[in-house]
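Single-structure report; data block below.
The values are calculated or read from the model by the stated rules, or taken from the named source; none is laboratory data. Remember, predicted model here, so these are calculated numbers, not experimental data. We place every Cβ from the backbone using ideal geometry, glycine too, and count neighbours over all the protein chains shown. In case anyone asks, the SASA skips ligands and DNA or RNA and just uses the protein heavy atoms, side chains included. Shrake-Rupley method; radii C 1.70, N 1.55, O 1.52, S 1.80 Å.
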Amino acid sequence: MAYSGFLIKVGDYVIPTNKYIKANSYSALYSTSDLDSYRDADGVLHRQALSHKLLKIEFETPAMLTNTEMATLMANIASNYTDATEKRCYVTAYVPELDDYVVADCYIPDINFSIYGNYRGVIHYNSVRFAFIEY
C-alpha cells in the first residue's frame, strides 16, 4: 500500500502528524517473537521464530502543546478505546520496514505528562512520549 499521508491512526482517528508528532520522534518496531529458543552447549542458537509479528509504535509530541491541545489529542484517542480500563485500541500504523501499514490490537502504557509551565492561565507541556504496543 505504501505511505498514504499519515503515520498512525487510532481507531478512526488519524493523529495529525504535523501537529502532534514531533519531528524525528516516530519509530516503528515490527519485531519477531520466538518460542523456546535456546543456545546449545556449543553456543549455537536454535531459534523457533513465530510468524506473528509484534508492533510497537512510539512518538513524542512537540513541546509547548497547551492543555486544550493535549486534551483534544487525549479525547480523540480515548474515544477510540475498545477497552478504556486497559487503554486498548486498534492502531493502523505505517511501518517503514514494510513500506506499508499494519493494523494491530494495542495498548497504551502509562503516559507521563510533564508540565513546562503555566502562562497567563494556560498550561504548556513538555514533550510527551506515547507508545502503542501490540498484545
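Of ASP42, ASP105, the residue with the largest accessible area leads and the full order is ASP42, ASP105 (1.4 Å probe). With a Förster radius of 30 Å applied to the C-beta separation of LEU98 and LYS19, the computed FRET efficiency comes to 0.75.
In the elastic network of the chain, a GNM with C-alpha springs shorter than 10 Å, the most mobile of THR72, THR82, THR17 is THR72.
Using alpha-carbon pairs under 8 Å, 6+ residues apart, how would you state the relative contact order of the chain in percent? Across the chain, relative contact order equals 28 percent. When the chain is treated as a GNM with alpha-carbon contacts under 10 Å, the residue of ILE77, ILE21, ILE111 showing the greatest mean-square fluctuation is ILE111. Result for the chain in a Gaussian network model with C-alpha springs under 10 Å: among ASP100, ASP110, ASP36, the largest mean-square fluctuation is at ASP36.
Among the listed pairs LYS19/LYS53; LYS9/LYS87; LYS56/LYS87, which have their C-alpha atoms separated by more than 18 angstrom in this model? In this structure, LYS19/LYS53 lie more than 18 Å apart at Cα.
Write out the chymotrypsin sites (Phe, Trp or Tyr not before Pro) in the range 1-77 meeting two conditions: DSSP loop, and at most 16 other Cβ atoms within 10 Å of their Cβ.
Numbers: sites: TYR3, PHE6, TYR13, TYR20, TYR26, TYR30, TYR38, PHE59; in loops: TYR3, PHE6, TYR26.
Of the chymotrypsin sites (Phe, Trp or Tyr not before Pro), the ones in loops of the range 1-77 whose Cβ has at most 16 other Cβ atoms within 10 Å are TYR3, PHE6.
On a per residue basis, the chain carries 59 Å² of accessible surface, using protein heavy atoms and a 1.4 Å probe.
Considering only protein heavy atoms and a probe of 1.4 Å, how much of the accessible area of the chain is carbon and sulfur, as a whole percent? Before the final figure, lay out each step's value.
Details: 3960 of 7940 Å².
Of the solvent-accessible surface of the chain, carbon and sulfur hold 50 percent.
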